[in-house]
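Asker: Provided herewith is a single structure, encoded as structure tokens, for subsequent inquiry.
What follows is calculated from the coordinates using simple rules that are stated; it is not laboratory data. Keep in mind that what you see is a predicted model, and the values were worked out from it rather than measured. Here Cβ is always computed from backbone atoms with ideal geometry, including for glycine, and neighbour counts include all displayed protein chains.
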Amino acid sequence: MTGQSHTPPPELQIRIEGSTGWLVIANEKRRNAMTLEMWRALPAAVSALEADGGVRVIILRGAGSETFCAGADISEFEETRKNAKAARAYEDINLAAFEALKACRKPVIAMIRGHCLGGGFGLAASCDLRLACHGSSFGIPAARLGIAYPPAALMDVAALIGPARTRELIFTARRIEAGEALHWGFLNQLLEDSALEAEARKLAATIAQNAPLTHAATKAALTIPAGHSAPDHDKAEAAAIACFDSADFAEGRTAFLEKRTPDFKGV
């Protein structure tokens, strides 16, 4: 299925290479800005990769070499965010895209090259791991537009870099360089541009070798919202306990005793 893409819309592309699913933001003429149509389509794109049994890990990237994602397409705001009612509807669609990445049972890696701004910052924050190259920049310029960043998305950012730095990022609307993003804890790795894609592929391959049920249980536990309800905890607990009844656990034990690499199936 290498090279396969699903293109509703064409600016949001899927391709599958071995055990890695690629989700590509391909709106280069708008600096990979997310149109409303793209926001709407992203949950289905994530679901398609999640449903593919051969895919073990997803990499989210921007097309080209200059921008990961410049955020929402501001040229649409006269219609899509023209007043509070329209903005609320837009925000619901926006947050559904973030939630799709967070709720996906498979690990999602953000491969960041270039600008990662606004909604693009939110997309990266919704991924499990973030790799970037030198020269990339990060920011949330909401205060320069006179809009508010969605509270749920702000909480995701604060969970990664802390409330104080989140306030600084929002209040100043400044861009931070990749080294500062690494220092703040937003990035997992900072690499030379020439090494970024190879390292993302290497990381994906390492993850793909490990047990999918462990990945799913870990994501279920770590994405329990603050002030969670008992059902949220119970769901995560059930995912963790289910690992011990799985064929993969038996395979893991056997492979350990036989001193070989386990062949996990996700069951």
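Asker: What dipole magnitude, in Debye to the nearest 20, does the chain give about its Cα centre under +1 on Lys/Arg Cβ and -1 on Asp/Glu Cβ?
Answerer: 280
Asker: By count of other Cβ within 10 Å, fewest leading, how are W22, W184 ordered?
Answerer: Arranged by neighbour count, lowest to highest, W22, W184 become W184, W22.
Asker: If I take R0 = 30 Å and measure r between the Cβ atoms of R15 and T261 in this structure, what FRET efficiency does the formula 1/(1 + (r/R0)^6) give, to the nearest 0.05?
Answerer: 0.65
Asker: Using only the C-alpha atoms of the range 60-148, find the volume of their convex hull and express it per residue in Å³.
Answerer: Numbers: hull volume 8.3 nm³, N = 89.
Roughly 94 Å³ of hull volume per residue.
Asker: What's the extension gain from A63 to S194 if we count 0.36 nm per residue and subtract their Cα-Cα distance?
Answerer: On the way: separation 131, 0.36 × 131 = 47.16 nm, distance 1.55 nm.
Here the answer is 45.6 nm.
Asker: At 10 °C and 1.306 mPa s, grab the translational diffusion coefficient of the chain from Stokes-Einstein with a Kirkwood Rh over Cα pairs, rounded to a whole number in µm² per second.
Answerer: 83
Asker: Please give the contour-minus-distance gain from T206 to F244: 0.36 nm per residue of separation, less the Cα-Cα distance, rounded to one decimal in nm.
Answerer: Taking T206 through F244 to full extension adds about 11.5 nm, to one decimal.
Asker: How tilted is helix 212-222 with respect to the longest principal axis of the chain? Cα atoms for both, answer in degrees (0 to 90, nearest 10).
Answerer: Approximately 50 degrees, to the nearest 10.
Asker: If you line up the long axis of helix 163-172 against the longest principal axis of the chain, both from Cα atoms, how many degrees apart are they, to the nearest 10?
Answerer: It is inclined by approximately 30 degrees.
Asker: Using Cα atoms only, what is the angle between the long axis of helix 151-161 and the major principal axis of the chain, expressed in degrees (0 to 90) to the nearest 10?
Answerer: 60
Asker: Ranking H115, H183 by Cβ neighbours within 10 Å, fewest first, what do you get?
Answerer: In order of increasing Cβ crowding within 10 Å: H183, H115.
Asker: Under 14 Å from the Cβ of P151, count the other residues' Cβ atoms, weight Lys and Arg +1, Asp and Glu -1, and hand me the total.
Answerer: -2
Asker: Exactly which trypsin sites (Lys or Arg not before Pro) in the range 10-99 are in a DSSP loop and have at most 15 other Cβ atoms within 10 Å?
Answerer: Values: sites: R15, K29, R30, R31, R40, R56, R61, R81, K82, K85, R88; in loops: R31, R56, R81, K82.
Filter output for the range 10-99: K82.
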